[in-house]
């Protein structure tokens, strides 16, 4: 059974900084890795914003339900 871990935006940003250092220090052959980590960061940011949007929707609906119950 395979378990796929989801990394946070902050974790990926730290990895991106490390990979950028590797590219500067050791050469352009590591640029594909830099590209991949940047792609992963964009995907993580998208997932994060989607969750935030869902939380706002739920919070709004919860307020509406509570307001209706108070009447």
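Bear in mind these aren't lab numbers, they're just calculated from the coordinates by the rules spelled out. What you see is a predicted model, and the numbers here were worked out from it, not measured in a lab.
Observations, loosely collected:
- Angle in degrees between helix 9-26 and the longest Cα principal axis of the chain, rounded to the nearest 10: 10 degrees
- Between 0 and 90°, nearest 10: helix 31-70 axis offset from the chain longest Cα axis: 10 degrees
- Among [x] 64; [y] 52; [z] 70, the entry derived from the coordinates for percent of Cα pairs over 16 Å apart: [x]
- Gain upon complete extension [residue 15, residue 55; 0.36 nm per residue less C-alpha separation]: 11.6 nm
- GNM top mover of 61, 41, 33 - the chain, alpha-carbon springs below 10 Å: 61
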